Protein chains: 2
Amino acid sequence: MDFKDLAKEISSRSKIKINRKNIERLLGALRKTKLPWELVDLSDFPVPAVFESMKVLEEKEIISISDAGFKLTARGKEVVKDIHPVEDISCSDCEGRGITLEKFSDLEKKFLRVQKNRPGAIRRFDQGYVTPKTTLSRFAVAYERGDVVGKEIILLGDDDLMSIALGLSGLTKGITVVEIDKRLTDFIQETADKEGFKINVQTVDLRHPLPKEHVKKYDAFITDPPETIKAADAFIGRGIASLRAPGSAGYFGFTRREASLTKWYDVQKLLLKYRIVFTDIVHNFNEYVNWGYEEETRAWRLSPIKVRPRKNWYRSALYRFETLDGFRGNFKDYGEENIYEDVESSTT
Amino acid sequence: MDFKDLAKEISSRSKIKINRKNIERLLGALRKTKLPWELVDLSDFPVPAVFESMKVLEEKEIISISDAGFKLTARGKEVVKDIHPVEDISCSDCEGRGITLEKFSDLEKKFLRVQKNRPGAIRRFDQGYVTPKTTLSRFAVAYERGDVVGKEIILLGDDDLMSIALGLSGLTKGITVVEIDKRLTDFIQETADKEGFKINVQTVDLRHPLPKEHVKKYDAFITDPPETIKAADAFIGRGIASLRAPGSAGYFGFTRREASLTKWYDVQKLLLKYRIVFTDIVHNFNEYVNWGYEEETRAWRLSPIKVRPRKNWYRSALYRFETLDGFRGNFKDYGEENIYEDVESSTT
């Protein structure tokens, strides 16, 4: 079976560029699960293209689709015979993130308690927050890289509550949150007051250039942009604009569930133009809590089987970069433009 | 104390671009070690700049230097007081690599036995090989990413003996080694014969374009280039030339011990031009065995204290990328040019 032709057909029908490797991973994943969200998780390419693949594979009698899920046909079993069996061999201790939280057990306890009453994710702001362990692990990586102790840090959007983890640690010089959702800024401010740490919170729409008082002020920023080129450019570009000097650091999450590698390429090229250099890209570092509004999303409409996810299925890579001499940020104004959706996105 | 001025002075004297963050890490590291190689390991920037920093810090009476090592003066202790304490919080289970070798315990046993009689590193070819656990972990990452099972793989230079790990696994479709050192090609061929796996071995100088029979033939390549721009371009560019199709994968190691982040930036920019996209950059993934010819290197001459390293101190990041539509490799001929040394290199 020529996976190249299959990839071509699915690319053309879904308008999302996928390749042989994507098909191989998908076919390998079909040996492990019959459920749509687990399949996307294991396949690691954009949701609309995964679900389009299901249609094509059904037409080619490689799978059958029923309410019980996807099933390889006799022909399908033949096709996947020599395919790589998609397996999770990530380290169970650190869940593949490479760092330990041992040093931060007190912080972990406090953070787990405090975040319990957090506001839920809402669709209006494309929210979908990470697990508490992910937030703490991000904190630990930033700590190890020297981006926490004695540093001024800005969070551009913070439904992951990084500001609270940083605040509870007591290690930073200053923490600023710019965020569009008042429920979140209120929760963060109240938590800071109750737990006794200082925080600077402001309501900001990142489609507009960063307010002047935040430009060239910070040692590090953290953000988790929606996965369109424009949103990535806006959120990360504002982040770069907020950084103080060469050697400052930026962190962001970027998934393949809503971005093909072609889009990854465009984002990498775009960011290098700002004169930053990538220091880390950690696969599947960020694990997201199922956000509860699944049924309202395009992903749900596209899914050939209408079942809710049983476990967390949405992951993204953690990117870290540093600024170089002559770095510059993004000051473009996107007005009221919808910069949050494109053909590869599906969860907003 | 203004680290910006310090960074400027060291950059100008060493001709290597470093920044405030490098100085912070170096000062933090001085609280942990007084020995030169450990200091480089913890500081994570080019050796010549680290050792130049020692001179500058001595002149500024922040440290004193004796045969016993570097020591913070009273003034120095004041300076480092609020600096981030450089600490190892990487996961002890996977040594920060994020993957487990559990599934491969048989392979691990075999590989550890077989590699015992391997040829040592020699200076002539800028050799310095990684620990067996590093080689096995690279194998595991490539396995997880779907670049091993049923794949044609080429090693461009192989003093890390990846070909043997791949061969012993019995999982690949084919393994090719192009390598300049006959001691290594002989060892690999003999091992393959003894252990009963097939391998295609050829003596090749990567300064010249890849022989035609290897162009556009492989699903994945692995290389570990010397850290100059030209050598990276040659080794990795030949690797890309060897790849078959979009969705093929490249793996290479790149250190900060001999490359500033400015050089990292140049390499990232250069590689994106070949239309590849970075999928992973894993910090300190590769750990190198001390190569035994330390005293003959520039690093040794530059070191303010002539002591041999007590433990492995040289690490590099693991990069992985995938090819996109329209990717192309490097076919430039460097003739007999010395592409292996620049101002930031020091271990050849």
Original post:
When both residues are 6+ apart or on different chains and their Cβ atoms are under 8 Å apart, which pairs have a first residue that lies in region A:91-112 and is on the phi > 0 side of the Ramachandran plot, and a second that is buried (at least 19 other Cβ atoms within 10 Å of the Cβ) and of a type in the set (Gly, Ala, Ser)?
Top reply: A:Glu95/A:Ser137; A:Gly96/A:Ser90; A:Gly96/B:Gly98; A:Gly98/B:Ser90; A:Gly98/B:Gly96; A:Gly98/B:Gly98
**OP:** Kindly provide the set of residues from region B:295-321 that are within 17 Å of B:Thr131 (Cβ to Cβ) and over 12 Å from the mean Cα position of the chain (by Cα), ordered by number.
**Re:** B:Pro309, B:Arg310, B:Lys311, B:Asn312
**OP:** Kindly check whether there is at least one residue in region B:315-331 that is surrounded by fewer than 17 Cβ atoms within 10 Å (Cβ to Cβ) and away from chain A (no Cβ under 11 Å).
**Re:** yes
**OP:** Quick one: which residue in B:Asp186, B:Asp224, B:Asp193, B:Asp205 is closer than 25 Å to B:Gly128 by Cβ and either free of Cβ contacts under 8 Å to residues at least 12 places away in the same chain or in contact with a Pro (Cβ under 9 Å, 6 or more places away or on another chain) (or both)?
**Re:** B:Asp186
**OP:** Kindly indicate whether any position in region A:42-55 is open to solvent by 60 Å² or more (accessible area, probe 1.4 Å), away from every other protein chain (no Cβ under 14 Å) and farther than 23 Å from B:Glu144 by Cβ.
**Re:** yes
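Kindly provide the set of residues from region B:151-173 that are of a type in the set (Gly, Ala, Ser) and on the phi > 0 side of the Ramachandran plot, ordered by number.
B:Gly157, B:Gly170
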Original post:
Just to be sure, is A:Phe254 among the aromatic types (Phe, Trp, Tyr), within 13 Å of another protein chain (Cβ to nearest Cβ), closer than 27 Å to A:Met54 by Cβ and surrounded by 20 or more Cβ atoms within 10 Å (Cβ to Cβ)?
Top reply: yes
**OP:** For residues that are aliphatic (A, V, I, L, M) and in contact (Cβ under 8 Å) with a residue 12 or more places away in the chain, scanning just region A:67-83, find the one that is nearest to the other protein chains (Cβ to nearest Cβ).
**Re:** A:Ile83
**OP:** Collect the residues in region A:225-284 that are farther than 21 Å from B:Lys269 by Cβ and basic (Lys, Arg), keeping them in residue-number order.
**Re:** A:Lys230, A:Arg238, A:Arg244, A:Arg256, A:Arg257
Original post:
Any idea which residue in region B:277-295 is farthest from B:Asn312 (Cα to Cα), counting only those that are more than 8 Å from chain A (Cβ to nearest Cβ) and surrounded by 21 or more Cβ atoms within 10 Å (Cβ to Cβ)?
Top reply: B:Phe285
**OP:** Return a yes/no flag: does region A:232-242 have any residue that is away from every other protein chain (no Cβ under 14 Å), open to solvent by 10 Å² or more (accessible area, probe 1.4 Å), part of a helix (DSSP H, G or I) and within 22 Å of A:Phe285 (Cβ to Cβ).
**Re:** yes
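The values are calculated or read from the model by the stated rules, or taken from the named source; none is laboratory data. Since the structure is predicted, the reported quantities are computational estimates derived from the model, not experimental observations. No Cβ is skipped: glycine too gets one built from the backbone with ideal geometry, and neighbour counts run over all protein chains shown. Areas reflect the complete protein model, heavy atoms only, side chains present, ligands, DNA and RNA absent. Shrake-Rupley method; radii C 1.70, N 1.55, O 1.52, S 1.80 Å.
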